[in-house]
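Enquirer: I am attaching a structure below and will ask some questions about it afterwards.
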Amino acid sequence: MKPQVKYGLLVGLASFIIFIVMNAVAADRGNILYYMSMFILTFGIYFTLKDTRDHIGSITYGRGLGLGVLCALIAGSSDGIGRYVYCKFFNHGYVINVRNQYMDVLEGSNSFKYSADQMAMVKKMVPLIISPGSVMIYDIIGTVFTGFLLALVISAILKKNNTETSMPGF
């Protein structure tokens, strides 16, 4: 199995387990569990690039960046599919809680002043914006974006260009 697939699936599984634990203990985003998923993604990208470099012998910055993003895509997709199944079939209350928090923020905010008609329209749109499918899509996009930023740094650290040249004397 290719390193980006192996570590992507492992990171996705670990992130999904952390998501389940966070819901079980009702943790918020400031909890250490939230940051653990970022560390796991970092190590997943690191080991993807390290294994590839050790196997091939050299890795360019561009190839490292691409492999890191691919690892993040696989991790985000597997985690996103797990979250979709969890929210759709096992705990639909999670989506309802997020919708209620969203509406509380809109209704309690001083920066958003809506008329009654506008608020009714917003209430109709919230189920489209916050659904199990959107949870999956947001998770994939967020993981790929975070993985891209991490891969920028990790690729620069682990890059190892081929020192052999085809021209003698150089």
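Enquirer: Among the listed residues G108, G66, which satisfies the condition of being out of contact with any strand residue (DSSP E or B) (no Cβ under 6 Å at 6 or more places or on another chain) and at pLDDT 90 or above?
Expert: G66
Enquirer: Hey, another quick one. Consider segment 44-74. How many of its residues are acidic (D, E) and either within 22 Å of the chain's Cα centre (by Cα) or closer than 15 Å to V153 by Cβ (or both)?
Expert: Residues that pass the stated criteria total 1.
Enquirer: A further question on this structure: Quick one: would you say S155 is closer than 27 Å to A24 by Cβ, surrounded by 13 or more Cβ atoms within 10 Å (Cβ to Cβ) and at pLDDT 85 or above?
Expert: So S155 does not fit the description; no.
Enquirer: Let me ask something else. For K113, are the conditions met, namely being among the basic types (K, R) and in contact with a Pro (Cβ under 6 Å, 6 or more places away or on another chain)?
Expert: Working: among the basic types (K, R): yes; in contact with a Pro (Cβ under 6 Å, 6 or more places away or on another chain): no.
No: the conditions fail for K113.
Enquirer: Just wondering, is there one or more residues in segment 91-98 that are within 30 Å of I17 (Cα to Cα), modelled with pLDDT of 85 or more and touching a Lys or Arg at 6+ places or on another chain (Cβ under 6 Å)?
Expert: No, the conditions are met nowhere in segment 91-98.
Enquirer: Which residue pairs have Cβ atoms closer than 6 Å, lie 6 or more positions apart in sequence or on different chains, and pair a first residue in segment 44-66 that is surrounded by fewer than 18 Cβ atoms within 10 Å (Cβ to Cβ) with a second residue that is of a type outside the set (F, W, Y) and in a helix (DSSP H, G or I)?
Expert: D51/P3; Y61/S155
Enquirer: For K160, work out the one condition from (1) at pLDDT 85 or above; (2) surrounded by 14 or more Cβ atoms within 10 Å (Cβ to Cβ); (3) within 30 Å of G62 (Cβ to Cβ) it doesn't fulfil.
Expert: Of (1) at pLDDT 85 or above; (2) surrounded by 14 or more Cβ atoms within 10 Å (Cβ to Cβ); (3) within 30 Å of G62 (Cβ to Cβ), only one is false for K160: (1).
Enquirer: Which numbered condition in (1) in contact with a helix residue (DSSP H, G or I) (Cβ under 8 Å, 6 or more places away or on another chain); (2) surrounded by fewer than 17 Cβ atoms within 10 Å (Cβ to Cβ); (3) basic (K, R) is the only one that K113 fails?
Expert: With (1) in contact with a helix residue (DSSP H, G or I) (Cβ under 8 Å, 6 or more places away or on another chain); (2) surrounded by fewer than 17 Cβ atoms within 10 Å (Cβ to Cβ); (3) basic (K, R) applied to K113, the lone miss is (1).
The values are calculated or read from the model by the stated rules, or taken from the named source; none is laboratory data. A quick note: this is a predicted structure, and the numbers were derived from the prediction, not measured. Note that each Cβ is placed from the backbone with ideal geometry, even for glycine, and that neighbours are counted across all protein chains shown.
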